[in-house]
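Worksheet: one structure, shown below.
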Amino acid sequence: MNTKGSPLLTTRFTEELRNQNLRTWEAAVGHQFVKELFDGSIDDTVMAGYLTQDYRFLDAFLALIGAAVASADTLEARLTLARFAGEVAGDENTYFQHSFDTLGVTEELRRETPNTAATTGFQALFREAADTREYAAILSVLVVAEWLYLDWATRVSHPRPTDPVHADWITLHDYPGFHELVAFLRAELDRVGPQDRDTAGDFFGRAVDLELAFFDAAYAHPLTEAGREVVR
Ligand SMILES: Cc1ncc(CN)c(N)n1
(Lines give C-alpha, C1' and ligand atoms only; values in the text may rest on other atoms or scores of the structure.)
Protein backbone atom coordinates (compact mmCIF):
# COMPACT_ATOMS: atom_id res chain seq x y z
CA MET A 1 0.00 0.00 0.00
CA ASN A 2 1.20 3.55 -0.60
CA THR A 3 0.53 6.47 1.77
CA LYS A 4 -2.92 7.07 0.21
CA GLY A 5 -4.00 3.50 0.94
CA SER A 6 -4.10 2.19 -2.66
CA PRO A 7 -2.20 -0.94 -3.67
CA LEU A 8 1.22 -0.36 -5.18
CA LEU A 9 1.46 -1.47 -8.76
CA THR A 10 4.84 -3.12 -9.04
CA THR A 11 6.16 -4.63 -12.22
CA ARG A 12 7.19 -8.27 -11.95
CA PHE A 13 10.89 -8.90 -12.50
CA THR A 14 10.21 -11.12 -15.51
CA GLU A 15 7.97 -8.41 -16.99
CA GLU A 16 10.78 -5.90 -16.51
CA LEU A 17 13.19 -8.19 -18.37
CA ARG A 18 10.73 -8.67 -21.20
CA ASN A 19 10.12 -4.91 -21.41
CA GLN A 20 13.87 -4.35 -21.75
CA ASN A 21 13.84 -6.62 -24.82
CA LEU A 22 10.38 -5.83 -26.10
CA ARG A 23 11.22 -4.90 -29.67
CA THR A 24 13.10 -8.16 -30.34
CA TRP A 25 10.57 -10.20 -28.35
CA GLU A 26 7.69 -8.84 -30.45
CA ALA A 27 9.60 -9.44 -33.69
CA ALA A 28 10.02 -13.11 -32.69
CA VAL A 29 6.43 -13.62 -31.50
CA GLY A 30 5.02 -12.01 -34.67
CA HIS A 31 7.52 -13.72 -36.99
CA GLN A 32 6.62 -14.96 -40.48
CA PHE A 33 7.28 -18.48 -39.13
CA VAL A 34 4.48 -18.15 -36.58
CA LYS A 35 2.04 -16.68 -39.09
CA GLU A 36 2.74 -19.42 -41.65
CA LEU A 37 2.63 -22.16 -39.00
CA PHE A 38 -0.87 -21.08 -37.98
CA ASP A 39 -2.26 -20.65 -41.49
CA GLY A 40 -0.63 -23.90 -42.66
CA SER A 41 1.29 -22.24 -45.48
CA ILE A 42 4.78 -22.86 -44.12
CA ASP A 43 6.92 -24.62 -46.68
CA ASP A 44 8.01 -28.18 -45.83
CA THR A 45 11.63 -27.25 -46.57
CA VAL A 46 11.45 -24.48 -43.95
CA MET A 47 9.70 -26.69 -41.38
CA ALA A 48 12.15 -29.56 -41.98
CA GLY A 49 15.15 -27.25 -41.56
CA TYR A 50 13.65 -25.64 -38.46
CA LEU A 51 12.91 -29.00 -36.79
CA THR A 52 16.34 -30.40 -37.69
CA GLN A 53 17.95 -27.47 -35.89
CA ASP A 54 15.42 -27.52 -33.08
CA TYR A 55 16.14 -31.16 -32.30
CA ARG A 56 19.69 -30.07 -31.48
CA PHE A 57 18.22 -27.26 -29.41
CA LEU A 58 16.22 -29.94 -27.53
CA ASP A 59 19.35 -31.96 -26.82
CA ALA A 60 21.21 -29.00 -25.31
CA PHE A 61 18.04 -27.74 -23.60
CA LEU A 62 17.60 -31.04 -21.75
CA ALA A 63 21.13 -30.68 -20.38
CA LEU A 64 20.23 -27.15 -19.24
CA ILE A 65 17.11 -28.40 -17.45
CA GLY A 66 19.38 -30.94 -15.74
CA ALA A 67 21.55 -28.05 -14.56
CA ALA A 68 18.41 -26.30 -13.27
CA VAL A 69 17.48 -29.44 -11.30
CA ALA A 70 20.97 -29.43 -9.79
CA SER A 71 21.02 -25.71 -8.92
CA ALA A 72 17.43 -25.22 -7.67
CA ASP A 73 17.18 -24.19 -4.03
CA THR A 74 14.05 -26.14 -3.00
CA LEU A 75 12.82 -29.71 -3.37
CA GLU A 76 9.53 -28.41 -4.78
CA ALA A 77 11.36 -26.66 -7.64
CA ARG A 78 13.59 -29.68 -8.27
CA LEU A 79 10.52 -31.93 -8.60
CA THR A 80 8.77 -29.57 -11.04
CA LEU A 81 11.92 -29.19 -13.13
CA ALA A 82 12.46 -32.95 -13.21
CA ARG A 83 8.87 -33.42 -14.49
CA PHE A 84 9.59 -30.73 -17.10
CA ALA A 85 12.62 -32.75 -18.28
CA GLY A 86 10.35 -35.80 -18.53
CA GLU A 87 7.93 -33.90 -20.74
CA VAL A 88 10.69 -32.77 -23.13
CA ALA A 89 12.16 -36.29 -23.24
CA GLY A 90 8.67 -37.78 -23.71
CA ASP A 91 5.93 -36.10 -25.76
CA GLU A 92 8.19 -33.47 -27.30
CA ASN A 93 10.77 -36.01 -28.41
CA THR A 94 7.99 -38.18 -29.88
CA TYR A 95 6.68 -35.18 -31.84
CA PHE A 96 10.10 -34.77 -33.47
CA GLN A 97 10.32 -38.46 -34.43
CA HIS A 98 6.85 -38.41 -36.04
CA SER A 99 7.53 -35.14 -37.82
CA PHE A 100 10.87 -36.29 -39.23
CA ASP A 101 9.11 -39.40 -40.59
CA THR A 102 6.30 -37.34 -42.11
CA LEU A 103 8.65 -34.82 -43.70
CA GLY A 104 11.09 -37.49 -44.88
CA VAL A 105 14.00 -36.16 -42.85
CA THR A 106 16.33 -39.13 -42.40
CA GLU A 107 18.91 -39.50 -39.64
CA GLU A 108 21.59 -39.35 -42.29
CA LEU A 109 20.32 -36.05 -43.63
CA ARG A 110 20.14 -34.63 -40.12
CA ARG A 111 23.73 -35.75 -39.45
CA GLU A 112 24.92 -34.09 -42.67
CA THR A 113 23.13 -30.80 -42.03
CA PRO A 114 25.40 -28.25 -40.34
CA ASN A 115 24.32 -26.11 -37.42
CA THR A 116 23.03 -22.65 -38.18
CA ALA A 117 24.72 -19.85 -36.23
CA ALA A 118 21.60 -19.53 -34.07
CA THR A 119 21.75 -23.21 -33.06
CA THR A 120 25.44 -22.93 -32.19
CA GLY A 121 24.64 -19.74 -30.30
CA PHE A 122 21.96 -21.46 -28.23
CA GLN A 123 24.22 -24.43 -27.48
CA ALA A 124 26.95 -22.06 -26.26
CA LEU A 125 24.50 -19.97 -24.21
CA PHE A 126 23.04 -23.08 -22.54
CA ARG A 127 26.51 -24.35 -21.68
CA GLU A 128 27.55 -20.96 -20.33
CA ALA A 129 24.40 -20.68 -18.19
CA ALA A 130 24.84 -24.25 -16.87
CA ASP A 131 28.51 -23.57 -16.06
CA THR A 132 27.56 -20.66 -13.79
CA ARG A 133 25.74 -23.19 -11.55
CA GLU A 134 23.55 -20.23 -10.64
CA TYR A 135 19.84 -20.93 -10.54
CA ALA A 136 18.94 -17.36 -11.58
CA ALA A 137 21.17 -17.46 -14.68
CA ILE A 138 19.81 -20.84 -15.78
CA LEU A 139 16.22 -19.79 -15.14
CA SER A 140 16.65 -16.63 -17.22
CA VAL A 141 17.34 -18.74 -20.29
CA LEU A 142 14.60 -21.29 -19.53
CA VAL A 143 12.04 -18.52 -19.02
CA VAL A 144 12.74 -16.96 -22.41
CA ALA A 145 12.62 -20.30 -24.22
CA GLU A 146 9.28 -21.33 -22.77
CA TRP A 147 7.52 -18.00 -22.16
CA LEU A 148 8.26 -16.64 -25.65
CA TYR A 149 6.90 -19.86 -27.17
CA LEU A 150 3.78 -19.75 -24.97
CA ASP A 151 3.33 -16.14 -26.05
CA TRP A 152 3.31 -16.82 -29.82
CA ALA A 153 1.26 -19.99 -29.41
CA THR A 154 -1.51 -18.20 -27.51
CA ARG A 155 -1.54 -14.80 -29.23
CA VAL A 156 -2.94 -15.76 -32.59
CA SER A 157 -6.70 -16.34 -32.64
CA HIS A 158 -6.45 -18.49 -35.75
CA PRO A 159 -7.94 -22.01 -35.60
CA ARG A 160 -5.42 -24.87 -35.44
CA PRO A 161 -4.03 -25.91 -38.85
CA THR A 162 -5.03 -29.38 -40.05
CA ASP A 163 -1.52 -30.78 -40.63
CA PRO A 164 -0.35 -32.53 -37.41
CA VAL A 165 3.26 -31.38 -37.99
CA HIS A 166 2.00 -27.80 -37.67
CA ALA A 167 -0.89 -28.29 -35.23
CA ASP A 168 1.03 -30.45 -32.73
CA TRP A 169 3.91 -27.97 -32.55
CA ILE A 170 1.41 -25.31 -31.51
CA THR A 171 -0.34 -27.63 -29.03
CA LEU A 172 2.99 -28.56 -27.39
CA HIS A 173 3.27 -24.87 -26.50
CA ASP A 174 -0.37 -24.26 -25.56
CA TYR A 175 -1.84 -26.87 -23.21
CA PRO A 176 -2.74 -26.41 -19.53
CA GLY A 177 0.44 -28.09 -18.20
CA PHE A 178 2.60 -25.81 -20.36
CA HIS A 179 0.80 -22.70 -19.08
CA GLU A 180 1.49 -23.94 -15.53
CA LEU A 181 5.15 -24.61 -16.35
CA VAL A 182 5.66 -21.07 -17.66
CA ALA A 183 3.87 -19.64 -14.60
CA PHE A 184 6.20 -21.69 -12.38
CA LEU A 185 9.39 -20.66 -14.23
CA ARG A 186 8.41 -16.99 -14.13
CA ALA A 187 7.54 -17.12 -10.43
CA GLU A 188 10.91 -18.74 -9.70
CA LEU A 189 12.81 -16.05 -11.65
CA ASP A 190 10.69 -13.33 -10.00
CA ARG A 191 11.79 -14.80 -6.66
CA VAL A 192 15.53 -15.34 -7.19
CA GLY A 193 16.36 -13.01 -10.12
CA PRO A 194 16.31 -9.61 -8.39
CA GLN A 195 19.31 -10.65 -6.22
CA ASP A 196 21.27 -11.25 -9.43
CA ARG A 197 19.86 -8.57 -11.70
CA ASP A 198 22.79 -8.03 -14.05
CA THR A 199 23.42 -11.71 -14.72
CA ALA A 200 19.72 -12.42 -15.23
CA GLY A 201 19.34 -9.44 -17.58
CA ASP A 202 22.38 -10.46 -19.60
CA PHE A 203 21.28 -14.09 -20.14
CA PHE A 204 17.66 -13.11 -20.75
CA GLY A 205 18.58 -10.54 -23.42
CA ARG A 206 20.92 -12.87 -25.27
CA ALA A 207 18.31 -15.62 -25.27
CA VAL A 208 15.68 -13.28 -26.78
CA ASP A 209 18.12 -12.26 -29.54
CA LEU A 210 18.75 -15.92 -30.36
CA GLU A 211 15.03 -16.75 -30.50
CA LEU A 212 14.56 -14.18 -33.25
CA ALA A 213 17.72 -15.34 -35.05
CA PHE A 214 16.49 -18.95 -34.86
CA PHE A 215 13.25 -18.13 -36.70
CA ASP A 216 15.17 -16.08 -39.29
CA ALA A 217 17.56 -19.00 -39.82
CA ALA A 218 14.68 -21.33 -40.70
CA TYR A 219 14.09 -19.23 -43.84
CA ALA A 220 17.78 -18.68 -44.59
CA HIS A 221 18.53 -22.43 -44.35
CA PRO A 222 15.59 -24.51 -45.60
CA LEU A 223 16.25 -28.24 -45.86
CA THR A 224 16.18 -28.74 -49.59
CA GLU A 225 13.91 -31.37 -51.04
CA ALA A 226 16.82 -33.07 -52.84
CA GLY A 227 18.08 -34.58 -49.60
CA ARG A 228 14.73 -35.74 -48.23
CA GLU A 229 13.25 -39.18 -48.78
CA VAL A 230 9.61 -38.18 -49.03
CA VAL A 231 8.42 -34.99 -50.62
CA ARG A 232 4.76 -34.34 -49.95
C1 LIG B 1 14.45 -22.22 -30.55
C2 LIG B 1 13.42 -22.71 -29.56
N3 LIG B 1 13.06 -21.91 -28.52
C4 LIG B 1 12.16 -22.41 -27.62
C5 LIG B 1 11.61 -23.65 -27.74
C6 LIG B 1 10.59 -24.08 -26.75
N7 LIG B 1 10.91 -25.21 -26.04
C8 LIG B 1 12.03 -24.42 -28.80
N9 LIG B 1 11.57 -25.66 -28.98
N10 LIG B 1 12.94 -23.94 -29.72
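The values are calculated or read from the model by the stated rules, or taken from the named source; none is laboratory data. Keep in mind it's a predicted model, so treat the numbers as computed, not measured. Please note: Cβ atoms are built from the backbone with ideal geometry, for glycine as well, and neighbour counts cover all protein chains shown. Please note that ligands, DNA and RNA were not included when accessible areas were found on the heavy atoms of the full protein model with its side chains. Shrake-Rupley method; radii C 1.70, N 1.55, O 1.52, S 1.80 Å.
Using unit Cβ charges (K, R positive; D, E negative) and no other charged atoms, how large, in debye to the nearest 20, is the dipole of region 166-207 about its Cα centre?
Details: 4 positive and 8 negative charges, 19 e Å.
Its charge dipole is roughly 100 debye.
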Grab every C-alpha pair in region 1-93, bin the distances at 5 angstrom width from 0 up to the longest one, and report whole percents. 3, 10, 11, 11, 16, 19, 12, 8, 5, 3, 2, 1
Between Val88 and Val156, take the C-beta separation as r, use R0 = 30 Å, and let me know the FRET efficiency to the nearest 0.05. 0.80
If you project the alpha carbons of region 35-146 onto their three principal axes, what span does each projection cover, largest first, in Å? 43, 29, 26
Nearest-ten-degree value, helix 135-155 long axis tilted from longest Cα axis of the chain: 60
For region 105-232, taking Cα atoms only, what is the radius of gyration to one decimal and the Dmax to the nearest whole Å? 17.0, 52
List Arg23, Arg197, ordered by accessible area with a 1.4 Å probe, largest first: Arg23, Arg197
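Let me check I've understood the local charge: for Thr10, count other residues with C-beta under 13 angstrom from its C-beta, Lys and Arg +1, Asp and Glu -1. What total comes out? List each step's numbers first, then the result.
Values: positive: Arg12; negative: Glu15, Glu16, Asp190.
Summing Lys/Arg as +1 and Asp/Glu as -1 gives -2.
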Could you identify which residue out of Leu181, Leu109, Leu64 has the top mean-square fluctuation in a GNM of the chain using Cα springs shorter than 10 Å? Leu109
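How big is D for the chain, in µm² s⁻¹ as a whole number, if Stokes-Einstein is applied with the Kirkwood radius of its Cα pairs at 37 °C and 0.692 mPa s? Show your work: numbers first, answer last.
Values: Rh = 18.5 Å.
For these conditions, the coefficient is 178 µm²/s.
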How large is the helix-only mean residue ellipticity at 222 nm for the chain, computed as the sum of -39500 (n - 2.57) over DSSP H runs with n ≥ 4, divided by its residue count, in deg cm²/dmol to the nearest 500? -23500 deg cm²/dmol
Could you give the size of the charge dipole of the chain about its Cα centre, using +1 on the Cβ of each K and R and -1 on the Cβ of each D and E, expressed in debye and rounded to the nearest 20? 580
